[in-house]
1. Report whether or not residue 141 is within 14 Å of the ligand (Cβ to nearest atom), on the phi > 0 side of the Ramachandran plot and assigned to a loop (DSSP other than H, G, I, E, B).
2. Regarding residue 122, is this residue of a type in the set (Gly, Ala, Ser), within 14 Å of the ligand (Cβ to nearest atom) and touching a residue at least 24 places away in the same chain (Cβ under 8 Å)?
3. Quick one: is residue 95 in contact (Cβ under 8 Å) with a residue 40 or more places away in the chain, outside any loop (DSSP other than H, G, I, E, B) and away from the ligand (no atom under 16 Å from the Cβ)?
4. Of the residues 232, 211, 192, 185, which single one is under 18 Å from the mean Cα position of the chain (by Cα) and more than 24 Å from residue 139 (Cα to Cα)?
5. Can you tell me which of 176, 160, 135 is free of Cβ contacts under 8 Å to residues at least 40 places away in the same chain and surrounded by fewer than 23 Cβ atoms within 10 Å (Cβ to Cβ)?
6. Quickly run through region 206-238 and pick out the residues that are within 12 Å of the ligand (Cβ to nearest atom), of a type in the set (Gly, Ala, Ser) and part of a strand (DSSP E or B).
7. Just the residues that are of a type in the set (Ser, Thr, Tyr), at pLDDT 80 or above and over 16 Å from the mean Cα position of the chain (by Cα), please, taken from region 239-275.
8. Looking only at region 161-192, count how many residues are away from the ligand (no atom under 16 Å from the Cβ) and either assigned to a loop (DSSP other than H, G, I, E, B) or among the small types (Gly, Ala, Ser) (or both).
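The values are calculated or read from the model by the stated rules, or taken from the named source; none is laboratory data. Because the structure is predicted, anything quoted here is derived from the model rather than measured. Note that we place each Cβ from the backbone using ideal geometry, even for glycine, and neighbour counts take in every protein chain shown.
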Amino acid sequence: MLRKIQQTTEFLKPKLHSVPEFGIVLGSGLGMLSDVLRDPVVIPYHTIPNFPLSTVAGHAGNLIAGWLDNRYVLFMQGRFHFYEGYSMKEVTFPIRIMKELGVSTLVLSNAAGGVNPDFHVGDIMLIRDHINLFPEHPLHGPNDSHFGTRFPDMTTAYTPHLLRLSKEIAFRNNIPLQEGVYVGTQGPSFETPAEYRFFHVIGGDAVGMSTVPEAIVASHAGLQLLAFSVITNIGYHHTDTDSHIVRNDHDEVQDAAAHAAPKLSTLIRLILQEI
Ligand code: HPA
(Lines give C-alpha, C1' and ligand atoms only; values in the text may rest on other atoms or scores of the structure.)
Protein backbone atom coordinates (compact mmCIF):
# COMPACT_ATOMS: atom_id res chain seq x y z
CA MET A 1 0.00 0.00 0.00
CA LEU A 2 2.80 2.41 0.93
CA ARG A 3 4.53 1.69 -2.37
CA LYS A 4 1.32 2.30 -4.32
CA ILE A 5 0.76 5.57 -2.50
CA GLN A 6 4.29 6.72 -3.24
CA GLN A 7 3.91 5.76 -6.91
CA THR A 8 0.64 7.69 -7.23
CA THR A 9 2.01 10.69 -5.36
CA GLU A 10 5.09 10.79 -7.56
CA PHE A 11 2.84 10.80 -10.63
CA LEU A 12 0.69 13.64 -9.31
CA LYS A 13 3.22 15.94 -7.68
CA PRO A 14 4.85 17.30 -10.86
CA LYS A 15 1.39 18.13 -12.28
CA LEU A 16 0.46 20.41 -9.39
CA HIS A 17 1.50 24.06 -9.25
CA SER A 18 1.84 24.17 -5.48
CA VAL A 19 1.34 22.06 -2.35
CA PRO A 20 -2.42 21.70 -1.79
CA GLU A 21 -3.49 22.94 1.61
CA PHE A 22 -7.10 21.76 1.36
CA GLY A 23 -8.62 18.61 -0.06
CA ILE A 24 -12.28 18.77 -1.03
CA VAL A 25 -14.43 15.78 -1.95
CA LEU A 26 -17.48 16.64 -4.00
CA GLY A 27 -20.51 14.39 -3.65
CA SER A 28 -23.47 13.62 -5.92
CA GLY A 29 -24.58 16.64 -7.93
CA LEU A 30 -22.11 18.94 -6.17
CA GLY A 31 -19.40 18.91 -8.84
CA MET A 32 -19.78 22.58 -9.78
CA LEU A 33 -17.93 23.66 -6.65
CA SER A 34 -14.66 23.38 -8.54
CA ASP A 35 -15.77 25.69 -11.38
CA VAL A 36 -14.37 28.82 -9.78
CA LEU A 37 -10.81 27.52 -9.52
CA ARG A 38 -8.08 29.65 -11.03
CA ASP A 39 -5.45 27.94 -13.17
CA PRO A 40 -7.10 24.51 -12.82
CA VAL A 41 -5.25 21.29 -13.54
CA VAL A 42 -7.70 18.50 -14.37
CA ILE A 43 -6.41 14.97 -13.95
CA PRO A 44 -8.93 12.26 -14.94
CA TYR A 45 -8.97 9.35 -12.48
CA HIS A 46 -8.41 6.84 -15.26
CA THR A 47 -4.99 8.38 -15.99
CA ILE A 48 -3.80 8.15 -12.38
CA PRO A 49 -1.86 5.02 -11.45
CA ASN A 50 -3.57 2.87 -8.79
CA PHE A 51 -6.75 5.00 -8.81
CA PRO A 52 -10.07 3.17 -9.05
CA LEU A 53 -12.64 4.33 -11.65
CA SER A 54 -15.87 6.19 -10.94
CA THR A 55 -18.87 4.29 -12.29
CA VAL A 56 -22.11 6.00 -11.18
CA ALA A 57 -24.00 8.32 -13.55
CA GLY A 58 -23.63 11.90 -12.35
CA HIS A 59 -20.35 11.23 -10.58
CA ALA A 60 -17.54 12.76 -12.62
CA GLY A 61 -14.10 11.29 -12.12
CA ASN A 62 -11.41 13.95 -11.93
CA LEU A 63 -8.84 15.23 -9.56
CA ILE A 64 -8.75 19.01 -9.99
CA ALA A 65 -6.07 21.20 -8.48
CA GLY A 66 -6.16 24.97 -8.56
CA TRP A 67 -6.26 28.25 -6.71
CA LEU A 68 -9.35 29.13 -4.75
CA ASP A 69 -8.92 32.67 -3.45
CA ASN A 70 -5.15 32.29 -3.17
CA ARG A 71 -5.24 28.91 -1.41
CA TYR A 72 -4.09 25.89 -3.36
CA VAL A 73 -6.85 23.29 -3.28
CA LEU A 74 -7.22 19.73 -4.51
CA PHE A 75 -10.73 18.66 -5.49
CA MET A 76 -12.01 15.16 -5.96
CA GLN A 77 -14.79 15.52 -8.50
CA GLY A 78 -16.55 12.24 -7.83
CA ARG A 79 -15.71 9.69 -5.19
CA PHE A 80 -15.58 5.92 -4.86
CA HIS A 81 -18.42 4.20 -3.07
CA PHE A 82 -18.42 0.89 -1.27
CA TYR A 83 -21.67 -0.06 -3.07
CA GLU A 84 -19.88 0.15 -6.42
CA GLY A 85 -17.88 -2.87 -5.37
CA TYR A 86 -14.70 -1.13 -4.27
CA SER A 87 -12.95 -2.31 -1.16
CA MET A 88 -12.72 0.09 1.76
CA LYS A 89 -9.00 0.46 0.97
CA GLU A 90 -9.93 1.63 -2.56
CA VAL A 91 -12.70 3.93 -1.31
CA THR A 92 -10.25 5.72 0.97
CA PHE A 93 -7.11 5.54 -1.20
CA PRO A 94 -7.51 9.14 -2.48
CA ILE A 95 -7.60 10.44 1.10
CA ARG A 96 -4.21 8.84 1.72
CA ILE A 97 -2.96 10.45 -1.48
CA MET A 98 -4.20 13.86 -0.38
CA LYS A 99 -2.39 13.49 2.92
CA GLU A 100 0.80 12.43 1.15
CA LEU A 101 0.55 15.44 -1.20
CA GLY A 102 0.53 17.78 1.77
CA VAL A 103 -3.17 18.40 2.41
CA SER A 104 -3.81 19.38 6.05
CA THR A 105 -7.56 20.01 6.00
CA LEU A 106 -10.16 17.83 4.31
CA VAL A 107 -13.66 18.98 3.40
CA LEU A 108 -16.16 16.25 2.54
CA SER A 109 -19.58 16.77 1.00
CA ASN A 110 -22.38 14.40 0.18
CA ALA A 111 -26.04 14.04 -0.69
CA ALA A 112 -28.05 12.55 2.14
CA GLY A 113 -31.56 11.60 3.14
CA GLY A 114 -33.02 13.53 6.06
CA VAL A 115 -34.09 11.58 9.14
CA ASN A 116 -34.41 14.62 11.37
CA PRO A 117 -38.10 15.52 11.04
CA ASP A 118 -37.25 19.24 11.05
CA PHE A 119 -35.11 19.00 7.92
CA HIS A 120 -36.23 20.00 4.43
CA VAL A 121 -35.00 19.13 0.97
CA GLY A 122 -32.23 21.57 0.06
CA ASP A 123 -31.01 22.08 3.64
CA ILE A 124 -27.29 21.99 4.26
CA MET A 125 -26.21 20.03 7.32
CA LEU A 126 -22.88 20.47 9.01
CA ILE A 127 -21.78 16.98 10.07
CA ARG A 128 -20.98 17.15 13.77
CA ASP A 129 -20.52 13.41 14.20
CA HIS A 130 -21.29 10.14 12.49
CA ILE A 131 -22.57 6.63 13.12
CA ASN A 132 -20.71 4.01 11.15
CA LEU A 133 -23.00 1.23 9.92
CA PHE A 134 -20.81 0.06 7.07
CA PRO A 135 -20.14 -3.69 7.17
CA GLU A 136 -16.38 -3.23 6.70
CA HIS A 137 -13.91 -0.88 8.30
CA PRO A 138 -11.34 1.04 6.23
CA LEU A 139 -8.64 0.38 8.86
CA HIS A 140 -9.29 -3.37 8.98
CA GLY A 141 -6.07 -5.34 8.81
CA PRO A 142 -2.48 -4.66 9.87
CA ASN A 143 -1.84 -1.06 10.84
CA ASP A 144 1.03 0.77 9.15
CA SER A 145 2.15 3.37 11.66
CA HIS A 146 3.32 5.53 8.73
CA PHE A 147 -0.37 6.37 8.27
CA GLY A 148 -1.53 6.63 11.86
CA THR A 149 -2.10 4.86 15.14
CA ARG A 150 -3.69 1.40 15.58
CA PHE A 151 -6.64 2.59 17.67
CA PRO A 152 -7.46 6.10 16.53
CA ASP A 153 -9.60 8.24 18.79
CA MET A 154 -12.73 9.54 17.04
CA THR A 155 -13.93 11.98 19.69
CA THR A 156 -12.87 15.01 17.70
CA ALA A 157 -12.81 13.49 14.20
CA TYR A 158 -14.88 16.45 12.98
CA THR A 159 -12.51 19.20 14.03
CA PRO A 160 -14.18 21.23 16.79
CA HIS A 161 -12.79 24.64 15.89
CA LEU A 162 -13.81 24.14 12.25
CA LEU A 163 -17.34 23.27 13.37
CA ARG A 164 -17.45 26.47 15.40
CA LEU A 165 -15.98 28.54 12.59
CA SER A 166 -18.44 27.11 10.05
CA LYS A 167 -21.46 27.93 12.19
CA GLU A 168 -20.20 31.41 12.86
CA ILE A 169 -19.53 32.10 9.17
CA ALA A 170 -22.91 30.68 8.11
CA PHE A 171 -24.64 32.88 10.68
CA ARG A 172 -22.69 35.99 9.68
CA ASN A 173 -23.55 35.47 6.01
CA ASN A 174 -27.20 34.51 6.50
CA ILE A 175 -26.68 31.03 5.12
CA PRO A 176 -29.08 28.66 6.88
CA LEU A 177 -27.12 25.72 8.28
CA GLN A 178 -28.44 22.65 10.03
CA GLU A 179 -26.15 20.57 12.18
CA GLY A 180 -26.29 16.90 12.95
CA VAL A 181 -25.18 13.31 12.94
CA TYR A 182 -24.59 11.49 9.65
CA VAL A 183 -25.40 7.80 9.51
CA GLY A 184 -23.22 5.98 6.98
CA THR A 185 -24.73 2.89 5.37
CA GLN A 186 -23.58 0.68 2.52
CA GLY A 187 -26.55 1.15 0.15
CA PRO A 188 -27.22 0.98 -2.74
CA SER A 189 -30.90 0.60 -1.86
CA PHE A 190 -32.44 3.57 -0.15
CA GLU A 191 -33.85 2.83 3.27
CA THR A 192 -37.21 1.33 4.08
CA PRO A 193 -39.53 3.57 6.13
CA ALA A 194 -38.69 1.45 9.19
CA GLU A 195 -34.95 1.89 8.58
CA TYR A 196 -35.27 5.69 8.28
CA ARG A 197 -37.24 5.66 11.54
CA PHE A 198 -34.56 3.48 13.14
CA PHE A 199 -31.81 5.92 12.11
CA HIS A 200 -33.82 8.74 13.63
CA VAL A 201 -34.27 6.79 16.87
CA ILE A 202 -30.55 5.96 17.23
CA GLY A 203 -29.61 9.61 16.96
CA GLY A 204 -29.09 10.19 13.25
CA ASP A 205 -30.11 13.35 11.44
CA ALA A 206 -29.18 12.30 7.91
CA VAL A 207 -28.25 9.08 6.14
CA GLY A 208 -26.01 8.44 3.19
CA MET A 209 -23.73 5.94 1.46
CA SER A 210 -20.38 7.69 1.68
CA THR A 211 -18.24 10.00 3.84
CA VAL A 212 -17.80 7.78 6.91
CA PRO A 213 -14.90 5.69 5.49
CA GLU A 214 -13.14 8.84 4.27
CA ALA A 215 -13.74 10.58 7.59
CA ILE A 216 -12.24 7.65 9.51
CA VAL A 217 -9.14 7.52 7.31
CA ALA A 218 -8.74 11.30 7.45
CA SER A 219 -8.94 11.23 11.20
CA HIS A 220 -6.47 8.32 11.37
CA ALA A 221 -4.11 10.34 9.18
CA GLY A 222 -4.37 13.39 11.45
CA LEU A 223 -6.17 15.57 8.92
CA GLN A 224 -8.44 18.34 10.12
CA LEU A 225 -11.92 17.50 8.93
CA LEU A 226 -15.05 19.36 7.98
CA ALA A 227 -18.05 17.70 6.31
CA PHE A 228 -21.42 18.74 4.92
CA SER A 229 -24.54 16.95 3.75
CA VAL A 230 -27.05 18.34 1.33
CA ILE A 231 -30.46 16.99 2.28
CA THR A 232 -31.81 15.70 -1.01
CA ASN A 233 -34.82 13.70 0.14
CA ILE A 234 -36.73 13.20 3.35
CA GLY A 235 -36.79 9.68 4.74
CA TYR A 236 -38.40 10.19 8.10
CA HIS A 237 -41.72 11.97 8.34
CA HIS A 238 -43.62 13.36 11.30
CA THR A 239 -46.55 11.07 10.75
CA ASP A 240 -46.45 7.34 10.65
CA THR A 241 -49.31 6.97 8.17
CA ASP A 242 -48.75 6.24 4.53
CA SER A 243 -50.91 9.17 3.43
CA HIS A 244 -47.88 10.79 1.85
CA ILE A 245 -45.67 8.09 0.45
CA VAL A 246 -42.64 9.81 -1.06
CA ARG A 247 -40.43 7.56 -3.07
CA ASN A 248 -36.67 8.05 -3.12
CA ASP A 249 -35.03 8.39 -6.49
CA HIS A 250 -31.43 8.98 -7.63
CA ASP A 251 -32.42 11.64 -10.20
CA GLU A 252 -34.24 13.63 -7.56
CA VAL A 253 -31.25 13.30 -5.25
CA GLN A 254 -29.02 14.67 -8.03
CA ASP A 255 -31.41 17.53 -8.82
CA ALA A 256 -31.78 18.57 -5.20
CA ALA A 257 -28.00 18.42 -4.68
CA ALA A 258 -27.34 20.47 -7.82
CA HIS A 259 -29.92 23.00 -6.67
CA ALA A 260 -28.24 23.43 -3.27
CA ALA A 261 -24.69 23.33 -4.68
CA PRO A 262 -24.26 27.11 -5.10
CA LYS A 263 -25.24 27.68 -1.46
CA LEU A 264 -22.79 25.04 -0.25
CA SER A 265 -20.05 26.32 -2.61
CA THR A 266 -20.42 29.82 -1.19
CA LEU A 267 -20.28 28.55 2.36
CA ILE A 268 -17.21 26.37 1.81
CA ARG A 269 -15.45 29.18 -0.01
CA LEU A 270 -16.12 31.62 2.84
CA ILE A 271 -14.91 29.08 5.39
CA LEU A 272 -11.68 28.36 3.50
CA GLN A 273 -10.97 32.09 3.38
CA GLU A 274 -10.96 32.18 7.17
CA ILE A 275 -9.17 28.94 8.05
N1 HPA B 1 -30.40 7.18 1.91
C2 HPA B 1 -29.11 6.85 1.68
N3 HPA B 1 -28.30 7.58 0.93
C4 HPA B 1 -28.78 8.70 0.38
C5 HPA B 1 -30.11 9.10 0.58
C6 HPA B 1 -30.95 8.30 1.38
O7 HPA B 1 -32.15 8.59 1.60
N8 HPA B 1 -30.28 10.27 -0.11
C9 HPA B 1 -29.10 10.56 -0.69
N10 HPA B 1 -28.19 9.62 -0.40
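1. So residue 141 fails the test.
2. yes
3. yes
4. Of the residues listed, the single one that is under 18 Å from the mean Cα position of the chain (by Cα) and more than 24 Å from residue 139 (Cα to Cα) is 232.
5. Criteria check complete, one pass: 160.
6. Scanning region 206-238 gives 206, 208, 229.
7. Answer for region 239-275, where residues must be of a type in the set (Ser, Thr, Tyr), at pLDDT 80 or above and over 16 Å from the mean Cα position of the chain (by Cα): just 266.
8. The number of residues fulfilling the criteria is 7.
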